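The values are calculated or read from the model by the stated rules, or taken from the named source; none is laboratory data. Being a predicted model, the structure only gives us computed values, none of them experimental. Methodologically, a virtual Cβ is constructed for each residue, glycine included, from the backbone with ideal geometry; neighbour enumeration extends over all protein chains shown.
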Amino acid sequence: MISRREVVTAGVLGTLASAATPESAAAGQGSDSAAIAARLTNMTSQLDALTTVVQQGLLGSSLALGRVGQVRERIELYLKTSGKFPEFCDIGTAAFFDIYEWHVKHQQQIQVTRMADQRLMIQFMFTQLILRWENESSYIGIPYDK
């Protein structure tokens, strides 16, 4: 059985070893070290990008990302202008699924109800989000009260 350490070490060492190919050795020592330096720089930038993504995923606010963040911004704007949370907001299918997945990811209770006209509503914070499947999938409407 191969251990996790062997897999990771083999991948890193394999990448570094591939920098020293017979073609680069024939070209000369100066170009060989330049090729290795370029590959290491490329690896460093890719690792930095990966680190940033992982930190944002683990430490960042999940309410600020994607369509969940857009819904939150609309609700926050309504809150600032009226002084209270809106009762309703219309959303498209993609936003509905993002809100649903947010509840699953954060183990929050999912309250989905069906209205009289067969529309679905999902509770998000203090607002009922109404699914409008006839609109564009990423649609997020203006929050309102009845």
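Listed by first and then second residue, the pairs linking a residue in the range 41-64 that is among the aromatic types (Phe, Trp, Tyr) and assigned to a helix (DSSP H, G or I) to a residue that is surrounded by 10 or more Cβ atoms within 10 Å (Cβ to Cβ) and modelled with pLDDT under 75, with Cβ atoms under 7 Å apart and 6 or more places separating them unless they lie on different chains, form an empty list. Applying the criterion of being modelled with pLDDT of 90 or more and aliphatic (A, V, I, L, M) to the residues of the range 98-114, the residue that is surrounded by the most Cβ atoms within 10 Å (Cβ to Cβ) is ILE99.
Condition check for ARG119 on (1) of a type in the set (Lys, Arg); (2) free of Cβ contacts under 8 Å to residues at least 12 places away in the same chain; (3) surrounded by 10 or more Cβ atoms within 10 Å (Cβ to Cβ): one failure, at (2).
Restricting attention to the range 110-134, which residues are closer than 13 Å to ALA94 by Cα and more than 25 Å from the chain's Cα centre (by Cα)? Once the filter is applied, which keeps residues that are closer than 13 Å to ALA94 by Cα and more than 25 Å from the chain's Cα centre (by Cα), the range 110-134 yields only GLU134. Here PHE85 meets the list (1) assigned to a helix (DSSP H, G or I); (2) in contact with a Pro (Cβ under 9 Å, 6 or more places away or on another chain); (3) of a type outside the set (Ser, Thr, Tyr) almost entirely, failing just condition (1). For the range 101-139, the tally of residues that are of a type outside the set (Phe, Trp, Tyr) and in a loop (DSSP other than H, G, I, E, B) stands at 18.
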